[in-house]
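Asks: Provided herewith is a single structure, encoded as structure tokens, for subsequent inquiry.
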Amino acid sequence: MRQVSVFFAILKNAMMLIGLPGLGETSVRDLQRMGILLPEDLLEHYPMRYDDFSNRRLVSDVAPGETVTLSGVITSIASRPVPGRRLTIINAIFSDTSGSIRVIWFNQRFLLKTLTPGTHVTLSGQVELQKQGLQLKNPSFEVQRGQETTHTGRIVPIYPLEASLTQKRLRTAIAALLRTERIVDWLPEEIRHREQLIDLPRALQQIHFPETFDAAEEARHRLQFDELFLYELAHLRSREELKKLSAPAIAEAIETIKLFVQSLPFTLTTAQRKAAWQIIEDMSRGEPMNRLLEGDVGSGKTVAAAIAALNAATAGYQTALLAPTEILAEQHATTLQRLLGEEAVILVTRTHGQDRLPEIAKGEAKIIVGTHALLENKVMFHRLGLVIVDEQHRFGVKQRQALKEKQMDDGTVPHLLSMTATPIPRTLALTLYGDLDISVLDEMPKGRKPIKTEIVKKGDSDFTRIKQELDAGRQAFFVCALIDPSEEVEAKSVTELHDELQKGPLKGYRAAVLHGRMKSEEKERIMAEFKQGNLHALISTTVIEVGVDVPNATVMFVEGAERFGLAQLHQLRGRVGRSDLPSLCFLRPSGFVPEQTYERLRALVECNNGFELAERDLALRGPGDIYGTVQSGFPGFKLADLFNAPMIAKARNAAQSLLKEEGGLSRYPAVRARLGEYVKKIHFE
Ligand code: ADP
Ligand code: MG
């Protein structure tokens, strides 16, 4: 039996997704792949936009160009193939009490069976004027059963989809859930009242099937508040727990660090210096450091991490450095070995360093690099004094928990340093992660040239400038969204692009493919070849999105650029321009690009700075774009807006006042249960 969620309080019948109308086994599997496992996950799969099909008309009243909903009967229906093309046209006549109108669909032969003459149906779509008169083109339809409609005649939700899923299937399933589940509001009445929020059952109903756009907005407001409130609650509670703990006071190894800094092939920026000293000062206190190092891609965060690790090692403490991917862990291990000496650093992944665990347990190894599995696994540390988490969006809650379990014999816990390129303005960051201290690298290393970014026309294959770079001994990244070719998605896959390049423009150049489904050893081998300069080009999925540092690479080519968000494109672009060489970034759309997307790409052309881009992104998204924050990379934020400072402050105050009450959350079992669920969930994201 699955665990019953408080979100639904007492579920009368613990219903799995599989039993829901609209969802067959394949759909359920596809939902699972999207992380939607339980009914509550499905209810949190919010629409990305709506179609306004609320304009109900009579046939006699419609005008060309209007989007309308008509209710009536199919009077005739027939199909005809279009010679020479793989296309079938369905022609139908539809009538209501006021008259008849032609209806046309493309490639939907099953309609002949569904919409037989005499069927009562509601149609929603656009009216066109053709030679033969008015017609309705490709309308959504719904066979009428009673008064309620789900797909027509109202404001209709449009969901993000994958694979076999369709709008109709999702709507049908979600509508059924909303009808049958008893959703209980867990947010305390006082908070709801003070913040003028609608209740949860209504919010969920209205976010999916709004009566009006205002109602959808109210629903969104409530659900955004929930996300921020839970986020703040989790963080504030984790800070309270942290305050009760102590950490080793690590002496500042000033001389050693000075020597190290002098030995670097470059001069530290002022920002790097400042951040490094803030970090080692934190570590010298007996309280656990909880610092976030924020800096745009390429600002040089790794060397600050190296200084912190060196500081700990000098005092005899171990450091664990966690990276989000194996590729990045390997890179960090190599970098740190180069900076701090081969023997000081051990890489531990599924394929590496398993034989060296005893050295770690005995404390002979001082710096241990791996992925997040490092903390969760049974790696035994000797005196773990510092944990560094790179490319971190999670900011602590999960790591805190894991760290507590790494308490040393004397009862102290390690210091924590998180590093991120997520561009959040400092003031906002302070409210958002109130449990963190923040250092910002707001300055790029000297000599960096802005990356020249261009939008390439669809299918354009003028690779002259790319070849010039390769001929000059530089290297190129090519990035696509997909691994394998797909029928459903109009985007090139890694394998297709590899073929295209090797047969055409990059014939004779050495290129290799890299993606997340490859074996670790294989990925590592290819990455190493690329780093050593043995490959001209790497054709890859977004496994190289964060952190990868190959200063000799000067070309980034993003295929299907319209499929990526601004923040993601900025991260990808950050793989080049990491030395004083000039670099190029090409963004090639693989399909039709609507004006708004095009504008997004143009922002990258015009702007090289992550903070500015984040602001532009927000302005471009506009208040109606409810799916925008997905790209923020923040777990648990589906609707919440990272830039909505007033709402963040309100959520924070509400969380604070609840925790301050006598007995804390014990008076609010529903909040506590929801929080537990939330924390558990973000652990798996
Ligand atoms: P990020 O902040 O994106 O993690 P990295 O730490 O990977 O950036 O640094 C990017 C590149 O810049 C690396 O190749 C690094 O060696 C180099 N670098 C770091 N600091 C400096 C500096 N002060 N001057 C010149 N190059 C630097
Ligand atoms: Mg980095």
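Derivation of every value follows stated rules applied to the coordinates shown; laboratory data play no part. Worth saying up front: this structure is predicted, and the values here are computed from it rather than measured. Cβ: placed from backbone, ideal geometry, glycine included. Neighbour counts: every protein chain shown.
Asks: Counting each DSSP H run of 4 or more residues in the chain as -39500 (n - 2.57), what helix-only mean residue ellipticity at 222 nm follows after dividing by all residues, to the nearest 500 deg cm²/dmol?
Replies: -11000 deg cm²/dmol
Asks: Only Lys, Arg, Asp and Glu count, each charged at its Cβ (+1, +1, -1, -1), so figure out the dipole size of the chain about its Cα centre, rounded to 20 debye.
Replies: Details: 86 positive and 86 negative charges, 216 e Å.
Dipole magnitude for the chain comes out near 1040 debye.
Asks: Let me ask another. Calculate the dipole size of the range 139-290 relative to its Cα centre from +1 charges on Lys and Arg beta carbons and -1 charges on Asp and Glu beta carbons; express the result in debye to the nearest 20.
Replies: Roughly 360 debye for the range 139-290.
Asks: Which distance in Å, rounded to a whole number, links the C-alpha centroids of the range 240-271 and the range 332-366?
Replies: After rounding, the separation between the Cα centres reads 20 Å.
Asks: Related question: Take residue 410, project a point 7 Å from its Cα along the Cβ direction, then tell me which residues of the range 373-388 have their backbone nitrogen under 16 Å from it.
Replies: Counting backbone N atoms under 16 Å from the label point, the list is 382-386.
Asks: Be a star and scan the range 62-78 for residues whose amide nitrogen sits under 12 Å from the point 7 Å along the Cα-to-Cβ vector of residue 96.
Replies: 62-63, 68-73
Asks: Follow-up question, since we're still on this one. Would the range 505-557 count as rounded, prolate or oblate if I go by the C-alpha gyration tensor, calling it rounded below 1.5 in a/c and otherwise prolate when a/b exceeds b/c, oblate otherwise?
Replies: rounded
Asks: Rounded to the nearest Å, what's the spacing between the alpha carbon centres of the range 638-685 and the range 498-530? Just the number, please.
Replies: Result: 45 Å between the Cα centres.
Asks: Taking 7 Å along the Cα-to-C-beta vector as the label spot, tell me the residue 104-residue 449 distance in nanometres, rounded to one decimal.
Replies: Calculated label separation equals 5.4 nm.
Asks: Moving to a separate point now. Could you check what % of the DSSP bridge pairs in the chain are antiparallel, to the nearest 5?
Replies: Bridges in the chain that DSSP calls antiparallel: roughly 40 percent.
Asks: Based on the Cβ-Cβ distance of residue 468 and residue 507, what FRET efficiency does E = 1/(1 + (r/R0)^6) give at R0 = 25 Å, to the nearest 0.05?
Replies: 0.95
Asks: Another question about this same structure. How do 519, 131, 406 line up, fewest other C-beta atoms within 10 Å first?
Replies: 131, 519, 406
Asks: What list do you get for 190, 524 if you sort them by fewest beta carbons within 10 Å?
Replies: The order, fewest Cβ neighbours first, is 190, 524.
Asks: How do 419, 48, 647 line up, fewest other C-beta atoms within 10 Å first? All intermediate terms of the calculation are to be shown ahead of the outcome.
Replies: Values: 419 24, 48 15, 647 18.
Ascending Cβ contact count within 10 Å gives the list 48, 647, 419.
Asks: Take every Cα-Cα distance within the chain, group them into 10 Å bins from 0 onward, and report for each bin the whole-number percent of pairs it holds.
Replies: Spelled out bin by bin, the chain gives 3, 13, 21, 23, 20, 12, 5, 2, 0, 0 percent.
Asks: May I pose another question? For residue 202 and residue 63, compute 0.36 nm times the residue count separating them, minus their Cα-Cα distance, and round to one decimal in nm.
Replies: On the way: separation 139, 0.36 × 139 = 50.04 nm, distance 3.49 nm.
Net length gain for the segment: 46.6 nm.
Asks: Starting from the 7 Å offset along Cα-to-Cβ, what nm value, one decimal, do you get for the label separation of residue 166 and residue 380?
Replies: Those two pseudo-labels are separated by 5.9 nm.
Asks: Efficiency by 1/(1 + (r/R0)^6): what FRET value for residue 78 and residue 522, r their Cβ-Cβ distance, R0 = 60 Å, to the nearest 0.05? Write out the running numbers ahead of the final one.
Replies: Values: r = 55 Å, r/R0 = 0.91.
Computed FRET efficiency for residue 78 and residue 522: 0.65.
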